[in-house]
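Data first, discussion second: the structure below is written as structure tokens.
The values are calculated or read from the model by the stated rules, or taken from the named source; none is laboratory data. What you are looking at is a predicted structure, and each value in this text was computed from that prediction instead of being measured. Heads up, the Cβs are rebuilt from the backbone with ideal geometry, glycines too, and the neighbour counts pull from every protein chain shown. Heavy atoms of the whole protein, side chains included, go into the accessibility calculation; ligands, DNA and RNA do not. Shrake-Rupley method; radii C 1.70, N 1.55, O 1.52, S 1.80 Å.
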Amino acid sequence: MTAGADAGTNAAGRPGAVPLGVGAVLVTRRRIARRVAALAERIAESFGDEEMTIVAVLTGVLVFLADLLRRLPTRIRVEVVSLSSYPGAAVQSRGPSFRLWPVGDLVGRHVLVLDDILDTGQTLACLLDRVRSLGAASVRTCVLLRKNCPRVERVEPDWVGFDVPDAFVVGYGLDHDGLYRNLPDIRVLEAQDDAGGAP
Ligand code: XMP
């Protein structure tokens with residue numbers, strides 16, 4: 001489905017408009033909301049009375065973090081780190097590089113590493129190494145999406161929101177070249193003919 005076929009949401013510049021280049025809905029906002037609630041229950045059960053420190057990977061995780069956080073009942077600290085694997089208009093991973101690591105003391109803390117999407121696995125593997133080396137008492141992982149593609153690093157999250165095909169996806173926090181994070185559903189980025197870096 002093209003953006004223009006998405007009835008009622010295609011007027012350029014209107015809030016909620018779906019821009020050209022953004023394709024079919026893969027996961028609707030309703031399914032996301034239901035799944036986030038279920039994930040929060042599972043995670044809360046697992047942590048029980050332990051104080052949780054979420055280490056969240058900016059920027060794609062922003063919306064997921066905000067939604068999940070408000071459903072978690074336990075005592076929670078939030079730390080954010082910034083890594084980039086897809087600089088600019090890239091749609092092929094260039095491997096993770098840290099932009100920001102402001103995380104405080106993790107010694108003895110029970111950590112939940114939270115990321116938007118598991119692709120090659122390099123980001124999660126890199127973070128797990130770093131968090132463990134900082135003396136966390138336990139480290140659990142949750143990703144909203146897991147791409148069905150070969151992994152460079154063998155890493156399996158404790159909780160996964162949705163399994164998705166090996167396509168570049170945007171919306172609900174995920175971007176392409178900084179755009180589309182505000183789309184409420186998760187959508188596939190359509191192939192483009194120009195030199196914009198799309199597949
Ligand atoms: P790796 O390959 O390290 O990738 O598992 C994880 C990070 O890469 C970004 N990523 C995407 N971002 N749409 C996006 O907007 C995608 O389809 C996509 N695939 C990977 C993301 O930042 C994630 O943290």
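Among the residues of segment 69-108 satisfying the criterion of being at pLDDT 90 or above and in a strand (DSSP E or B), which is surrounded by the most Cβ atoms within 10 Å (Cβ to Cβ)?
V81
Considering only segment 122-140, I want to know if a residue exists there that is closer than 21 Å to D67 by Cα, assigned to a strand (DSSP E or B), of a type outside the set (D, E, K, R) and open to solvent by less than 20 Å² (accessible area, probe 1.4 Å).
No, the conditions are met nowhere in segment 122-140.
Look at P150 and say whether it is within 18 Å of T123 (Cα to Cα) and in a loop (DSSP other than H, G, I, E, B). Break it down into steps so the answer makes sense when it comes.
Numbers: within 18 Å of T123 (Cα to Cα): yes; in a loop (DSSP other than H, G, I, E, B): yes.
Judged against the criteria, P150 is a match.
Take V139 and decide whether it is at pLDDT 90 or above and within 12 Å of the ligand (Cβ to nearest atom). Reasoning before the result, please.
Numbers: at pLDDT 90 or above: yes; within 12 Å of the ligand (Cβ to nearest atom): no.
For V139, the condition - at pLDDT 90 or above and within 12 Å of the ligand (Cβ to nearest atom) - is not met.
Somewhere in segment 146-163, is a residue near the ligand (Cβ under 10 Å from one of its atoms), closer than 16 Å to S85 by Cβ, within 14 Å of the chain's Cα centre (by Cα) and not charged (D, E, K, R)?
Taking every residue of segment 146-163 in turn, none turns out to be near the ligand (Cβ under 10 Å from one of its atoms), closer than 16 Å to S85 by Cβ, within 14 Å of the chain's Cα centre (by Cα) and not charged (D, E, K, R).
Any residue that is surrounded by fewer than 18 Cβ atoms within 10 Å (Cβ to Cβ) and modelled with pLDDT under 95 - is there at least one of those in segment 24-45?
yes
How about segment 49-64: which of its residues are within 11 Å of E79 (Cα to Cα) and either within 16 Å of the ligand (Cβ to nearest atom) or basic (K, R) (or both)?
Scanning segment 49-64 gives I54, V55, A56, V57, L58.
Provide a single number: the residues in segment 163-199 that are modelled with pLDDT of 95 or more, surrounded by fewer than 17 Cβ atoms within 10 Å (Cβ to Cβ) and in a strand (DSSP E or B).
The qualifying residues number 1.
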